[in-house]
Amino acid sequence: MNNVLLGVSGGIAAYKAVDLARRLVQRGFQVKVVMSENATRLVGPATFRAVTSNPVALSLFAEGGAPMEHISLAREADVVVVAPATANIIAKMAHGLADDLLSTTLLATRAPVLVAPAMNREMWSHPATIHNLEILKERGVVVVGPESGPLACGEEGEGRMSDPEAIAEAVLHVLGMGSLLSGVQVLVTAGGTREPIDPVRFIGNRSSGKMGYALAATAARMGAKVCLVSGPSALACPGGVDRVLVETAEEMRREVVSRAPSSRVVVMAAAVADFMPAEAVGEKIKRAGRDKLTLELVRTPDILAELGATKKDEQVLVGFAAETGDLVEKARAKMREKKVDMMVANDVSSPGSGFDSDYNRALLLFAGGREVQLDLMPKTDLAARIWEEVSSLLEGKAGR
Ligand code: PMT
């Protein structure tokens with residue numbers, strides 16, 4: 001999970017930083033907030049604490065605060081965002097002044113820094129501010145905004161802090177996650193289904209949900225609106241993801257088929273049972289008096305095949321193929337049968353990969369015939385790679 005350190009300095013736009021924090025949390029980031037003393041006069045730290053679920057850092061000398069907090073905050077951040085950035089904090093950053101927790105943290109960090117200036121238009125156009133920003137830009141600091149419009153001081157002009165959504169997007173770009181998935185509705189399935197035999201037993205499989213949850217979390221971080229339809233899993237719902245829990249293949253079918261028409265992308269990573277007991281017995285089947293038990297199984301609905309048959313042109317449909325031999329041939333056949341744009345084929349018999357592992361080795365097959373063999377990698381990395389390919393497919397469809 002990427003860590004964002006949000007520095008809030010004392011401008012009226014500090015209230016908009018709450019919305020920014022919320023948007024970053026929704027994208028699955030771990031957000032920590034450092035406020036300058038002036039910022040605390042404008043917005044209460046408790047608001048940021050509630051939105052980020054993290055304590056807010058306020059002072060170098062806070063009672064009970066971690067020793068050398070500026071160093072730990074600076075080191076654990078993958079990106080630092082200063083929003084709003086007043087003329088004062090911009091000047092301090094430009095000249096390396098460090099006289100409070102926010103400014104010392106900014107001096108101590110080696111993470112990429114992004115500032116969203118907000119101030120009166122005269123302050124914005126003052127040669128000192130212009131010069132200070134030039135220094136920061138030369139140093140690689142990313143500057144987002146400001147915008148023109150009505151200012152808090154009652155005047156009109158340049159100096160309004162950029163929209164929190166634009167700043168959140170810029171954070172993604174800084175982290176190399178800027179994406180075509182931004183605002184796109186995606187549907188991901190994960191985990192295995194359970195088909196009841198009786199009230200206490202079921203037919204299940206070894207899926208942990210790790211692959212599907214990694215896909216959902218990564219898409220959320222890339223700005224997509226994610227719905228995750230999940231079979232039973234021990235995993236927590238990723239931040240910014242809307243999760244629907246199901247048990248059986250039939251329940252999964254109902255939730256997926258009703259949502260698919262409004263989703264631009266559907267990724268079926270779930271291990272859906274292929275067979276279910278012909279009838280689920282209402283009472284626990286007794287052992288007494290039996291030497292053996294024969295269960296009659298019937299086919300479950302093939303959700304992916306149904307989606308493939310009803311798919312709209314602009315939609316991207318991704319399936320997974322879990323095989324234990326003849327991976328390429330079987331995955332190619334499944335791809336044709338289920339009419340997907342992309343099939344992620346994985347050999348679930350290979351050790352250290354597939355079911356319940358944190359790693360996976362996949363072969364990506366595309367409807368156009370392209371095939372890409374990937375190395376064994378963490379499921380989180382495979383998820384990022386899959387979304388990269390999905391983004392290209394979306395781009396291709398938009399260009400038609
Ligand atoms: O959850 P993890 O522990 O992280 O493991 C990840 C995984 C091994 C489950 C995952 O990488 C994977 O391979 N998922 C697909 C498992 C599967 O059911 O494969 P399949 O080859 O049997 O099915 C092909 C495709 O049809 C899949 O997209 C599946 O979701 C879909 N399907 C299958 C049966 C069915 N009745 N309806 C379906 O929609």
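In this Cβ point-charge picture (+1 for Lys and Arg, -1 for Asp and Glu), segment 3-175 has a dipole of about 360 debye about its Cα centre. Residues whose amide H falls under 5 Å from that of residue 85, counting only those 5 or more places apart or on a different chain, are 116, 118, with hydrogens built in the peptide plane. Largest mean-square fluctuation among 245, 297, 382, in a Gaussian network model of the chain whose springs join Cα atoms under 10 Å apart, belongs to 297. Hydrodynamic analysis of segment 180-398 uses the Kirkwood radius over alpha carbon pairs. Inserted into Stokes-Einstein at 25 °C and 0.890 mPa s, it gives a translational diffusion coefficient of 138 µm²/s. Each Lys or Arg adds one and each Asp or Glu takes one away; over the other residues whose Cβ falls under 11 Å from the Cβ of residue 37, this sums to -1.
Comparing 209, 369, 319 in a Gaussian network model of the chain where C-alpha atoms under 10 Å apart are linked, the largest mean-square fluctuation is found at 369.
Taking 0.36 nm per residue of separation and subtracting the Cα-Cα distance, full extension of the segment from residue 247 to residue 165 would add 25.9 nm.
At q = 0.08, 0.09 Å⁻¹, what log₁₀ I(q)/I(0) does the chain have when each alpha carbon counts as one equal point scatterer in the Debye sum? Evaluating at q = 0.08, 0.09 Å⁻¹ gives log10 I(q)/I(0) of -0.54, -0.65. All other residues whose Cβ lies under 10 angstrom from that of residue 224 are scored, Lys and Arg at +1 and Asp and Glu at -1, for a net of +4.
Of the residues 149, 354, 192, which exhibits the maximal mean-square fluctuation in a Gaussian network model of the chain defined by a 10 Å Cα contact cut-off? Evaluated over the chain, the most mobile residue of the options is 149. Mind pulling the angle between the C-alpha long axis of helix 14-26 and the longest principal axis of the chain? Nearest 10 degrees, somewhere in 0 to 90. It is inclined by approximately 20 degrees. In this simple spin-label model, placing a label point 7 Å from the Cα along the Cα-to-Cβ direction at both residue 71 and residue 324 gives a separation of 5.4 nm. Rounded is the label for segment 3-175, because the ratio a/c of its alpha-carbon gyration tensor axes (a ≥ b ≥ c) stays below 1.5. Under a Cβ-Cβ cut-off of 15 Å, what is the net charge of the residues other than residue 389 that fall near it, where Lys and Arg count +1 and Asp and Glu count -1? Around residue 389, the surrounding residues sum to -1.
Distance from the Cα centroid of segment 1-78 to that of segment 284-352 is 45 Å (rounded to whole angstrom).
Taken together, the values in this text are just the output of simple stated rules run on the coordinates, not laboratory data. Just so it is clear, the structure is predicted and the values come from calculations on it, not from any experiment. We place every Cβ from the backbone using ideal geometry, glycine too, and count neighbours over all the protein chains shown.
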